[in-house]
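First up is the structure itself, then whatever we jot down about it.
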Amino acid sequence: MIRLGGAIVALLMLVAVAAPWLAPCDPNAVDLGQRLRPPSLERPLGADRLGRDQLSRIIYGARNSLGAAMLASGLALGLGLGLGLLAAMLGGRWDGFLMRLVDVGLAFPGLVLALALAGAMGPSLLSVCLGAAAAGWAWWARFTRGLAVAALARRFVVAGQALGLGRWAIARRYVLPEIAAPILVAASLKTGWMIVAISGLGYLGLGAQPPTPEWGAMLHEARANLARAPWLMLAPGLAITATVLGCNLLAEGLRDRLQVRQDRDF
């Protein structure tokens, strides 16, 4: 599974990076003479309501959708990892205080919080990124803190403490390498969730604004012509599905591979 998932994710990232060279047309070029044209050899995925080439917009949409999901996932992971590790290493009252903040963050439904923040900041791709990150950091903090507390109980960590190593030296030398594998697996899964969240907000009109190509926004634009041109919803929907599938398969493969190594080494 790790090879299949990695191949899907790598292919999508390659498409996103090489979009200017892979796209056959300008994704924003309007040609009303090609309006709602069905798939053909000239336009493999057809054309939308303004005659824009659907394949080009899907390719450029990979850059916006994947970039937004990776940015949101990175922001949530960075904030949650820092707070979770800080709580575990400090312990005591600081641990309790930081975890109560995390509990407040977890009390709000993720998508509802992302929807509220994206709506408050105004519709844009950046606003949905920040909204999705704000909805995900608390989970990462709780997850990281649990992993770090378990790592601190390991024998080699206790031995490092007995040798007089400071808490941050222990975190750098022992705790972070110990929790890296499950965090890597979770990051792959959460990136797939971010794709769904950002595409969902884009479908509601809160994400990328026209004429910027983004998969969720493309679904939003295509719904008005669902009966006449169903292929306009099929292509971005399949792109989102393939991305989430790739992330999930990659996570499953990484989990199996890293678990085997952990069982062998420890």
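The values are calculated or read from the model by the stated rules, or taken from the named source; none is laboratory data. Please read these numbers as outputs of a predicted model, since none were measured by experiment. Positions of Cβ are backbone-derived with ideal geometry, glycine not excepted, and every protein chain shown enters the neighbour counts. Protein only, heavy atoms only, side chains kept; ligands, DNA and RNA dropped before computing areas. Shrake-Rupley method; radii C 1.70, N 1.55, O 1.52, S 1.80 Å.
Tabulated values for the structure
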| read-out | value |
| --- | --- |
| Which numbered condition THR241 fails, given (1) farther than 13 Å from SER65 by Cα; (2) without any contact (Cβ under 8 Å) to a residue 12 or more places away in the chain | (1) |
| Number of the exception - GLY164 against (1) modelled with pLDDT of 90 or more; (2) outside any helix (DSSP H, G or I) | (1) |
| ALA88 under 22 Å from the mean Cα position of the chain (by Cα) and of a type outside the set (Val, Ile, Thr) | no |
| Failed item, numbered, when MET218 is tested on (1) more than 25 Å from PHE143 (Cβ to Cβ); (2) part of a helix (DSSP H, G or I); (3) open to solvent by 30 Å² or more (accessible area, probe 1.4 Å) | (3) |
| Qualifying residue in segment 150-161 (condition: open to solvent by 60 Å² or more (accessible area, probe 1.4 Å), in a helix (DSSP H, G or I) and within 25 Å of GLY246 (Cβ to Cβ)) | no |
| Segment 25-48: number of residues that are among the charged types (D, E, K, R) and in contact with an Asp or Glu (Cβ under 7 Å, 6 or more places away or on another chain) | 2 |
| Complete set of residues in segment 180-215 that are of a type in the set (Val, Ile, Thr) and buried (at least 24 other Cβ atoms within 10 Å of the Cβ) | THR191, ILE195, ILE198 |
| From GLY46, GLY119, GLY91, residue being in contact with a Ser or Thr (Cβ under 9 Å, 6 or more places away or on another chain), on the phi > 0 side of the Ramachandran plot and surrounded by fewer than 24 Cβ atoms within 10 Å (Cβ to Cβ) | GLY46 |
| From ARG172, ARG228, ARG167, residue being open to solvent by 80 Å² or more (accessible area, probe 1.4 Å), of a type outside the set (S, T, N, Q) and free of Cβ contacts under 8 Å to residues at least 60 places away in the same chain | ARG172 |
| Among (1) touching a Gly at 6+ places or on another chain (Cβ under 8 Å); (2) without any contact (Cβ under 8 Å) to a residue 24 or more places away in the chain; (3) not β-branched (Val, Ile, Thr), the one test that TRP94 misses | (1) |
| Test: residue in segment 16-25 that is open to solvent by 40 Å² or more (accessible area, probe 1.4 Å), touching a residue at least 40 places away in the same chain (Cβ under 8 Å) and either in a helix (DSSP H, G or I) or small (Gly, Ala, Ser) (or both) | yes |
